[in-house]
1. Quick test for you: out of ALA208, ALA188, ALA219, pick the one residue that is of a type outside the set (Lys, Arg), over 18 Å from ASN75 (Cα atoms), out of contact with any helix residue (DSSP H, G or I) (no Cβ under 6 Å at 6 or more places or on another chain) and outside any loop (DSSP other than H, G, I, E, B).
2. Identify, from the list ARG213, ARG190, ARG160, the residue that is more than 23 Å from PHE96 (Cα to Cα) and at pLDDT 95 or above.
3. Out of the residues in region 54-80 that are charged (D, E, K, R) and under 24 Å from LEU3 (Cβ atoms), which is surrounded by the fewest Cβ atoms within 10 Å (Cβ to Cβ)?
4. Does region 44-69 hold any residues that are farther than 23 Å from SER147 by Cα and either among the aromatic types (Phe, Trp, Tyr) or out of contact with any Leu (no Cβ under 7 Å at 6 or more places or on another chain) (or both), and which are they?
5. Any residue at all in region 97-109 that is surrounded by fewer than 16 Cβ atoms within 10 Å (Cβ to Cβ) and in contact with a strand residue (DSSP E or B) (Cβ under 9 Å, 6 or more places away or on another chain)?
6. Could you tell me whether region 131-153 includes any residue that is outside any loop (DSSP other than H, G, I, E, B) and more than 30 Å from MET236 (Cα to Cα)?
7. List the residue pairs whose Cβ atoms are under 9 Å apart, where the first residue sits in region 158-169 and is closer than 7 Å to GLY224 by Cα and free of Cβ contacts under 8 Å to residues at least 24 places away in the same chain, the second is surrounded by 14 or more Cβ atoms within 10 Å (Cβ to Cβ) and not charged (D, E, K, R), and the two are 6 or more positions apart or on different chains.
8. Can you tell me which residue is nearest to ALA76 (Cα to Cα) among those in region 120-140 that are crowded, with 18+ Cβ neighbours inside 10 Å and over 18 Å from the mean Cα position of the chain (by Cα)?
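The values are calculated or read from the model by the stated rules, or taken from the named source; none is laboratory data. Since we're looking at a predicted model, the values are computed, not measured. When we count neighbours, we look across all protein chains shown, and the Cβ atoms used for this are built from the backbone with ideal geometry, even at glycine.
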Amino acid sequence: MGLAIATALAEAGCDLILTYRSSEAEAQATAKRLREACRASVEVKPLDLNDLNAVEQFGRELASSSEPIDVLVHNASVYERTLLSELTAAGAMEQFRINALAPLLLTKELAMKLGQSEMRGGGAVVAMLDIHAMGLPRSGYSAYAMSKAALHEMVRSLARELAPRVRVNGVAPGVVAWPESGEESSAAMRAAYLSRVPLGRAGTPEDAAGAVRWLALEAPYVTGQVVRVDGGRSLM
């Protein structure tokens, strides 16, 4: 998903700062490919979203740069199935820190910088949400769903607070990439899920990335909204 979003924005003419927690080699390879293919400036920086002090420091450093910041995309997250009987406070708080608090704090640190953007419509924040944390809960994902629901409310709240100079929106995918392991990777599970999708097929990371690009660069009069990229799954 991150690769697709980075590619869509680079192809649209954006220079990028990519972050990674542990996949430095993959991040550097992505940066190299985008520099060559799109002639974009692409920096790569480490960032552990579970370390909120590091998140705030990272945001302050970006905010103090002389370079403009027009778009902030909150894509990185942790997705863990945890039955209630197995839930721990530490595990639940880790998901909340990574999926909700880190995006909130990073937006806070960069809000003034985003507000100085010269883009039509001002700066833009786009958060990656989840249709299953927006009225379609799945069994065994209570901590994850709560963290993503908090991120959804961040979108709505900050859209009001940061207007009129910064727009804040979300993209909520259904299935745009199947898990490679676990119960959700089985053919039977995939068929059962797709039976509840009106379009009858899974989407692609590029489908969701296109929505991110539109909200970030091409929707100057849209804020506080969530684009569901789910093949109609949220209707059923």
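1. ALA188
2. The unique qualifying residue is ARG213.
3. Result: GLU67.
4. If the condition is that a residue be farther than 23 Å from SER147 by Cα and either among the aromatic types (Phe, Trp, Tyr) or out of contact with any Leu (no Cβ under 7 Å at 6 or more places or on another chain) (or both), then LYS45, ARG60, GLU61, SER64, SER65, SER66, GLU67, PRO68 are the ones that fit.
5. no
6. No, region 131-153 contains no residue that is outside any loop (DSSP other than H, G, I, E, B) and more than 30 Å from MET236 (Cα to Cα).
7. none
8. The extreme case among them is GLY122.
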